[in-house]
């Protein structure tokens with residue numbers, strides 16, 4: 001779809017929702033960096049400048065430590081002992097390799113060093129660490145000390161081995177890695193220039209043995225891929241059917257060789273017991289298949305606005321280990337608009353695509369079409385196990401026909417659609433792009449509630465709630481600036497046990513609490529309308545759910561937020577104080593009123609006359625309803641009356657302020673001796689007429705005339721007693737003050 005057409009479709013899709021959509025997308029709390037530090041809900045684990053370039057994080061919740069991979073260092077932080085000094089390992093690149101990197105034209109500070117990019121747990125006492133090694137990737141094991149016996153982390157120098165095919169050469173190039181069953185699955189670049197990338201499996205934990213990878217120089221296998229994530233997901237109860245799923249984006253020429261290049265989001269899978277073919281695809285994947293991930297907004301006449309730039313993937317485990325939920329973060333950008341979206345996929349939809357028809361190129365222009373010829377047996381992509389055929393014990397037992405088919409047919413014809421066939425979260429034309437995604441599922445009273453934590457490219461963390469019911473809208477809870485200056489979020493880790501979020505950026509490493517409940521407000525109504533599942537009203541304050549002992553006081557009905565039934569003190573303090581205001585006829589006046597939360601709408605009701613009820617005020621030629629208040633451009637006698645400003649949220653309304661507007665005739669503001677032709681103007685701010693202690697209008701006017709007479713009398717006496725010699729001097733008139 002053309003960028004302009006996509007933008008027009010975007011406008012058409014969002015226009016009907018109007019301000020309501022805007023309010024849902026606006027966070028209830030917008031926390032600046034300074035407010036975050038004052039809220040006592042964050043702590044720098046690595047302050048800005050301590051460990052620049054902290055790109056790899058490994059969290060062990062059971063032992064409460066966090067391992068950080070940085071430039072030339074590995075750091076171990078003990079989360080339950082904030083005062084304890086971090087353990088550090090210095091692991092710089094060899095001097096000769098740094099010099100070689102400089103000769104190749106790389107920057108000595110930002111590229112020619114050993115940036116630790118990979119930290120994967122090998123067993124309870126060892127961690128596999130890999131770094132760029134100044135553009136010569138290198139890996140080694142890190143041994144952990146026994147728990148509770150003090151410092152003991154050390155790098156095993158005898159375990160040093162090449163990191164090629166495991167870790168990228170560049171400190172900035174995205175990659176994906178997964179260590180499972182002593183084998184490392186990694187999608188990364190395979191050369192110094194970064195022009196070629198592949199998906200590898202290598203053995204770790206001993207002498208370097210064989211490896212397996214995708215075919216080289218075959219664009220229909222992988223074409224300029226950017227790897228995002230890798231996950232091991234069982235297919236059946238038989239472990240021989242287990243597969244590894246790889247998520248990435250690549251440049252696709254799906255429309256023909258003469259058409260423009262498109263970025264497509266993909267998911268590929270391989271069998272864990274794949275050892276390659278016997279006569280073909282030797283040391284190459286023989287079960288590698290891939291399918292397109294769709295995340296789009298359906299439009300009129302079958303058009304689609306696609307988000308194809310896959311940025312991050314999160315696997316949310318459920319009670320069924322074979323059927324986790326896949327959350328994908330996508331972006332789209334053009335010269336007209338930019339946006340981000342989150343789509344959720346079921347493993348049933350993923351497996352259905354891989355069980356469907358294959359794609360095939362044919363015709364003079366090599367267009368992709370559905371493959372309708374005979375598919376060989378066993379079906380390509382099937383793992384060798386007794387589940388499907390007891391005679392197939394290895395991929396080397398596959399017939400040559402299957403190997404030849406796999407070599408030419410990796411792409412599936414049917415794409416994978418998300419749940420509901422549309423995103424669960426949209427952000428368009430915002431001053432940032434979403435880069436990182438984490439999901440935390442909370443369960444209570446038989447229902448679940450998912451909270452998304454999204455990292456941006458300008459140093460913000462967004463917290464968004466997704467109610468578990470179909471059709472329920474996303475709730476924007478917080479927008480938190482975690483860096484003093486805008487800088488991209490590099491990585492995030494979630495600690496559900498400690499109720500903390502660990503955020504890595506170019507500025508450092510921050511430990512962030514999952515909630516700041518006290519900032520929502522001081523009443524039960526404010527707490528419940530926030531719909532933050534981490535917060536509850538304990539009878540006196542809005543506090544963290546896990547910190548309160550009154551679990552039955554949990555009022556957070558995140559679906560309905562029915563304040564009347566959830567809060568006992570709703571009626572208390574609901575009556576608005578009436579404030580008298582005077583306005584001058586034929587002049588304009590402004591009645592100020594603004595809601596506490598940007599998610600709350602404001603409406604105005606007026607009673608203009610005796611015995612009449614309140615009626616809603618709408619914008620017109622003389623009256624304009626603004627977000628900050630009500631503007632009456634030209635007052636008339638008919639505008640006198642009572643004006644009430646009400647806050648409205650989720651069908652619940654409450655008064656904020658009430659004004660009693662009284663109109664003053666225009667002639668009453670002019671003094672008698674000033675009405676003549678050529679007289680200077682005298683103006684008094686009408687707002688002071690409504691000030692506390694001003695009394696009635698008649699008393700004010702009487703005092704005004706008395707002051708004027710006194711001023712005139714004093715002026716005449718000044719001229720009568722003035723010295724004769726000073727009469728010729730220059731007279732300086734002082735401005736009149738009433």
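The values are calculated or read from the model by the stated rules, or taken from the named source; none is laboratory data. Please read these numbers as outputs of a predicted model, since none were measured by experiment. So basically every Cβ, Gly included, is an ideal-geometry build from the backbone, and we count neighbours across all protein chains shown.
Side notes on the structure shown:
- In the stretch 517-527, the residues that are crowded, with 22+ Cβ neighbours inside 10 Å and touching a strand residue (DSSP E or B) at 6+ places or on another chain (Cβ under 7 Å): 517, 520, 524, 527
- Residue match in the stretch 450-461 (condition: part of a strand (DSSP E or B) and over 13 Å from the mean Cα position of the chain (by Cα)): yes
- Flag for residue 433 being at negative phi, surrounded by fewer than 20 Cβ atoms within 10 Å (Cβ to Cβ) and under 21 Å from the mean Cα position of the chain (by Cα): yes
- Given (1) surrounded by 19 or more Cβ atoms within 10 Å (Cβ to Cβ); (2) at pLDDT 90 or above; (3) within 14 Å of the chain's Cα centre (by Cα), number of the condition residue 505 does not satisfy: (3)
- In summary, residue 493 fulfils each of the numbered conditions (1) under 30 Å from residue 47 (Cα atoms); (2) surrounded by 17 or more Cβ atoms within 10 Å (Cβ to Cβ) with the single exception of condition (2).
- Those residues of the stretch 541-553 which are at pLDDT 85 or above and surrounded by fewer than 21 Cβ atoms within 10 Å (Cβ to Cβ), in sequence order: 541, 543, 544
- From the list 75, 98, the lone residue that is in a helix (DSSP H, G or I) and either buried (at least 17 other Cβ atoms within 10 Å of the Cβ) or in contact with a strand residue (DSSP E or B) (Cβ under 7 Å, 6 or more places away or on another chain) (or both) is 98.
- If you go through the stretch 36-77 and keep only what is free of Cβ contacts under 8 Å to residues at least 12 places away in the same chain and outside the structural domain of residue 136 (by TED's automatic domain parsing), you end up with 37, 38, 40.
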